[in-house]
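K.L.:
Next up is a structure, given as C-alpha cells.
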Amino acid sequence: MIEVAAGAGAFDVPVGHGPDALALRHDAAVTMTPQLADRCRRDPVELSLDYPNVIGHERTSAALAATAAFVLGAPAQAIEAGLGDFVGLPRRQLVVARKPFVLVDDMFNAHSAATVGPALRGLRSNSARFLCGVAVRGNRGVETNVQQGERLGRELVKLNVDEVHVTRSAEVLGVTDRATDDEHEAMVGALNA
C-alpha cells in the first residue's frame, strides 16, 4: 500500500495481486491499472520488474517503488531504467566479485531464506567447487543463531556445498555486534546438525 498526498488530496494505492489492487503485481511486472492511470491523469502502463538484482521479495519492494514513481509522474522508461540500475543492497545477495570466482555477500535470515537457495542454485550449477563462508553476527542470541544455522544448513545441503568456513563478527555495526562464544558455537552446532 502506498499513501499518496497529491495536489488533489490524499489517496491510498493498493499494490499487489488482489482484486482491489490499483497497481497489479504479476510475476516479473507491475501493471498500473486504468483506474490508477485515470487518477494520475496518465496512460496505463506495464513496468518490468525482471532485472538481475531484483529477485525474490525485492520484487515487492520494486513494485512499490515503481508505483510511487508512476504516481509522482516519472516516465515509464525512467522507472525501468532506475530498477535496471539497482545493484542490490549491501549484504543482500550482492555479487561482490565474478573473477576468479563468484563471491556473493548476503545476510541470511528468516526473510531471505526463501530467496537465498534459489539464487545460489544458479551459481552452483556453473561451479566446479562451491565454497560457503558464514560470518556469525553477534547480538542475535543463541536461539536465533541456532534457528538460522538450521535453515542455512538445509540450504547448503541442497546446494551440495564443498566446504563451509565459519567466521565470527568482531565489529560490523559496533561493539554490540561482536559474536559471543556461545553464539558462534550455536551456529556451528546447527550447521553440523
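The values are calculated or read from the model by the stated rules, or taken from the named source; none is laboratory data. Everything numeric here is computed off the predicted structure, so don't read it as measured data. Every residue, glycine among them, receives a Cβ derived from its backbone with ideal geometry; neighbour counts consider all protein chains shown.
K.L.:
So, in region 63-89, how many residues would count as being of a type in the set (Phe, Trp, Tyr) and more than 11 Å from VAL30 (Cβ to Cβ)?
P.N.:
1
K.L.:
Let me ask something else about it. Assuming GLY138 fulfils every condition listed in (1) at pLDDT below 80; (2) surrounded by 14 or more Cβ atoms within 10 Å (Cβ to Cβ); (3) under 23 Å from GLY56 (Cα atoms); (4) out of contact with any Gly (no Cβ under 9 Å at 6 or more places or on another chain) apart from one, which condition is it?
P.N.:
The failed condition is (3).
K.L.:
Oh, and also: Right, THR144: over 15 Å from the mean Cα position of the chain (by Cα), modelled with pLDDT of 60 or more and surrounded by 15 or more Cβ atoms within 10 Å (Cβ to Cβ) or not?
P.N.:
In short, yes.
K.L.:
Further question on the same structure: For region 15-60, how many residues meet the condition of being of a type in the set (S, T, N, Q), over 10 Å from LEU83 (Cα atoms) and in contact with a strand residue (DSSP E or B) (Cβ under 8 Å, 6 or more places away or on another chain)?
P.N.:
Final tally of qualifying residues: 3.
K.L.:
Out of all the residues in region 167-174, is one or more under 23 Å from the mean Cα position of the chain (by Cα), under 25 Å from GLU58 (Cα atoms) and at pLDDT 85 or above?
P.N.:
no
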